[in-house]
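Beneath this line is the structure, given in C-alpha coordinates, with notes to follow.
The values are calculated or read from the model by the stated rules, or taken from the named source; none is laboratory data. Remember, predicted model here, so these are calculated numbers, not experimental data. Positions of Cβ are generated from backbone atoms using ideal geometry, with glycine treated the same way; all protein chains shown enter the neighbour counts. Quick note on the areas: whole protein, heavy atoms, side chains included, nothing else; ligands and nucleic acids left out. Shrake-Rupley method; radii C 1.70, N 1.55, O 1.52, S 1.80 Å.
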Amino acid sequence: MESQESEALSRARITDKSLCYARLTGRILGLGLIVWAIFLFSNVGLVGFLSFKAAYCLLFGIILQIPYRILKTKLWKASFIALTVLAIGFVFVMIISVMFDYIAAAERGERLGVPGLEGSLIFISLLQPPVVLFRQHTDLLD
(Lines give C-alpha, C1' and ligand atoms only; values in the text may rest on other atoms or scores of the structure.)
Protein backbone atom coordinates (compact mmCIF):
# COMPACT_ATOMS: atom_id res chain seq x y z
CA MET A 1 0.00 0.00 0.00
CA GLU A 2 2.77 2.40 0.95
CA SER A 3 4.67 1.50 -2.21
CA GLN A 4 1.68 2.40 -4.39
CA GLU A 5 1.28 5.76 -2.67
CA SER A 6 4.96 6.48 -3.06
CA GLU A 7 4.83 5.52 -6.74
CA ALA A 8 1.75 7.69 -7.34
CA LEU A 9 3.42 10.64 -5.60
CA SER A 10 6.55 10.13 -7.68
CA ARG A 11 4.51 10.04 -10.89
CA ALA A 12 2.67 13.22 -9.85
CA ARG A 13 5.98 15.00 -9.25
CA ILE A 14 7.35 13.90 -12.61
CA THR A 15 4.16 15.02 -14.36
CA ASP A 16 4.23 18.40 -12.63
CA LYS A 17 7.90 18.86 -13.51
CA SER A 18 7.22 17.93 -17.14
CA LEU A 19 4.36 20.42 -17.35
CA CYS A 20 6.59 23.11 -15.85
CA TYR A 21 9.28 22.44 -18.47
CA ALA A 22 6.71 22.49 -21.28
CA ARG A 23 5.34 25.79 -20.01
CA LEU A 24 8.86 27.21 -19.71
CA THR A 25 9.41 26.27 -23.34
CA GLY A 26 6.27 28.20 -24.25
CA ARG A 27 7.46 31.24 -22.31
CA ILE A 28 10.79 31.10 -24.13
CA LEU A 29 8.92 30.79 -27.44
CA GLY A 30 6.85 33.85 -26.49
CA LEU A 31 9.95 35.86 -25.70
CA GLY A 32 11.53 34.77 -28.97
CA LEU A 33 8.42 35.77 -30.92
CA ILE A 34 8.38 39.20 -29.28
CA VAL A 35 12.04 39.77 -30.17
CA TRP A 36 11.45 38.48 -33.71
CA ALA A 37 8.43 40.78 -34.14
CA ILE A 38 10.42 43.79 -32.93
CA PHE A 39 13.19 42.87 -35.38
CA LEU A 40 10.66 42.60 -38.22
CA PHE A 41 9.08 45.93 -37.28
CA SER A 42 12.50 47.60 -37.27
CA ASN A 43 12.95 46.82 -40.97
CA VAL A 44 12.04 49.72 -43.20
CA GLY A 45 9.43 48.94 -45.84
CA LEU A 46 7.59 46.23 -43.93
CA VAL A 47 4.37 45.71 -45.88
CA GLY A 48 1.76 43.08 -46.59
CA PHE A 49 2.05 39.66 -45.05
CA LEU A 50 5.31 40.47 -43.24
CA SER A 51 3.65 43.26 -41.26
CA PHE A 52 0.73 40.96 -40.40
CA LYS A 53 3.17 38.21 -39.39
CA ALA A 54 5.12 40.61 -37.16
CA ALA A 55 1.95 41.87 -35.47
CA TYR A 56 0.64 38.32 -34.99
CA CYS A 57 3.94 37.11 -33.53
CA LEU A 58 3.99 40.07 -31.14
CA LEU A 59 0.43 39.40 -29.97
CA PHE A 60 0.98 35.65 -29.62
CA GLY A 61 4.26 36.23 -27.80
CA ILE A 62 2.53 38.52 -25.31
CA ILE A 63 -0.27 35.99 -24.74
CA LEU A 64 2.34 33.27 -24.11
CA GLN A 65 3.87 35.42 -21.34
CA ILE A 66 0.66 35.60 -19.28
CA PRO A 67 1.06 33.93 -15.85
CA TYR A 68 -2.01 31.69 -16.16
CA ARG A 69 -1.61 30.04 -12.76
CA ILE A 70 -2.41 33.24 -10.85
CA LEU A 71 -5.40 34.42 -12.90
CA LYS A 72 -8.93 34.39 -11.55
CA THR A 73 -11.38 31.95 -13.15
CA LYS A 74 -13.15 34.37 -15.51
CA LEU A 75 -9.93 35.98 -16.68
CA TRP A 76 -8.27 32.57 -16.96
CA LYS A 77 -11.01 31.29 -19.27
CA ALA A 78 -10.80 34.33 -21.55
CA SER A 79 -7.00 34.13 -21.66
CA PHE A 80 -7.09 30.39 -22.29
CA ILE A 81 -9.51 30.84 -25.20
CA ALA A 82 -7.27 33.57 -26.63
CA LEU A 83 -4.22 31.31 -26.24
CA THR A 84 -5.95 28.42 -27.99
CA VAL A 85 -7.23 30.51 -30.90
CA LEU A 86 -3.88 32.26 -31.36
CA ALA A 87 -1.98 28.95 -31.21
CA ILE A 88 -4.16 27.53 -33.98
CA GLY A 89 -3.81 30.73 -35.99
CA PHE A 90 -0.04 30.60 -35.53
CA VAL A 91 0.01 27.28 -37.35
CA PHE A 92 -1.64 28.87 -40.38
CA VAL A 93 0.69 31.89 -40.26
CA MET A 94 3.72 29.59 -40.24
CA ILE A 95 2.35 27.44 -43.09
CA ILE A 96 1.61 30.50 -45.22
CA SER A 97 5.05 31.89 -44.41
CA VAL A 98 6.71 28.67 -45.55
CA MET A 99 4.62 28.66 -48.73
CA PHE A 100 5.68 32.24 -49.54
CA ASP A 101 9.31 31.31 -48.88
CA TYR A 102 9.04 28.34 -51.26
CA ILE A 103 7.43 30.50 -53.95
CA ALA A 104 10.16 33.14 -53.59
CA ALA A 105 12.87 30.49 -53.73
CA ALA A 106 11.30 28.91 -56.82
CA GLU A 107 11.28 32.28 -58.58
CA ARG A 108 15.00 32.60 -57.86
CA GLY A 109 15.57 29.06 -59.13
CA GLU A 110 16.47 27.69 -55.70
CA ARG A 111 15.09 24.90 -53.59
CA LEU A 112 14.40 25.16 -49.88
CA GLY A 113 14.93 22.29 -47.50
CA VAL A 114 12.58 20.93 -44.91
CA PRO A 115 11.14 23.74 -42.74
CA GLY A 116 12.46 22.37 -39.44
CA LEU A 117 12.36 25.62 -37.47
CA GLU A 118 8.78 26.36 -38.45
CA GLY A 119 7.76 22.81 -37.61
CA SER A 120 9.33 23.08 -34.17
CA LEU A 121 7.64 26.43 -33.54
CA ILE A 122 4.29 24.93 -34.56
CA PHE A 123 4.80 21.97 -32.22
CA ILE A 124 5.70 24.16 -29.24
CA SER A 125 2.81 26.55 -29.91
CA LEU A 126 0.25 23.72 -30.14
CA LEU A 127 1.66 22.23 -26.94
CA GLN A 128 0.80 25.31 -24.88
CA PRO A 129 -3.02 25.11 -24.57
CA PRO A 130 -3.02 21.56 -23.15
CA VAL A 131 -0.13 22.41 -20.82
CA VAL A 132 -1.91 25.49 -19.48
CA LEU A 133 -5.12 23.49 -19.09
CA PHE A 134 -3.47 20.58 -17.25
CA ARG A 135 -1.48 22.88 -14.98
CA GLN A 136 -4.69 24.64 -13.98
CA HIS A 137 -6.82 21.49 -13.69
CA THR A 138 -4.48 18.65 -12.76
CA ASP A 139 -7.45 16.37 -12.04
CA LEU A 140 -8.08 16.15 -15.82
CA LEU A 141 -4.88 14.12 -16.24
CA ASP A 142 -6.27 11.10 -14.39
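Hey, quick one: spin label on ALA55, modelled 7 Å out along Cα-Cβ, who in region 82-116 has an amide N within reach, i.e. under 18 Å?
86-87, 89-94, 96-97
Heavy atoms only, probe 1.4 Å: what % of the accessible area of region 26-78 goes to carbon and sulfur, would you let me know?
75 percent
With every protein chain left in place, what is the accessible area per residue of the chain in square angstrom, probe 1.4 Å?
66 Å²
What is the Cα centroid distance between region 104-142 and region 39-79, reported in whole angstrom?
First find each Cα centre; the distance between them is then 16 Å.
Looking only at ILE88, ILE38, ILE14, which one moves most when the chain is put into a Gaussian network model with springs between Cα atoms under 10 Å?
Largest GNM mean-square fluctuation: ILE14.
Would you please state the base-10 log of I(q)/I(0) at q = 0.09, 0.18, 0.19 1/Å for the chain, with intensities from the Debye formula using one equal scatterer on every alpha carbon?
-0.37, -1.05, -1.13
On a 0 to 90° scale, report how tilted helix 116-136 is relative to the longest principal axis of the chain, with both axes built from alpha carbons and the result rounded to the nearest 10.
For helix 116-136, the angle is close to 30 degrees.
Once the Cα atoms of helix 2-42 and of the chain are each reduced to a long axis, what angle between those two axes, in degrees from 0 to 90 to the nearest 10, is obtained?
For helix 2-42, the angle is close to 20 degrees.
Give the relative contact order (percent, whole number) for the chain; include only Cα pairs under 8 Å separated by 6+ residues.
RCO, the chain: 29 percent.
Compute a Gaussian network model of the chain, connecting alpha carbons closer than 10 Å, and tell me which residue from VAL91, VAL114, VAL35 fluctuates the most.
VAL114
Taking region 101-142, which trypsin sites (Lys or Arg not before Pro) meet the DSSP loop condition and have no more than 14 other C-beta atoms within 10 Å?
In loop regions of region 101-142 (DSSP not H, G, I, E or B), the sparsely surrounded trypsin sites (Lys or Arg not before Pro) are ARG108, ARG111.
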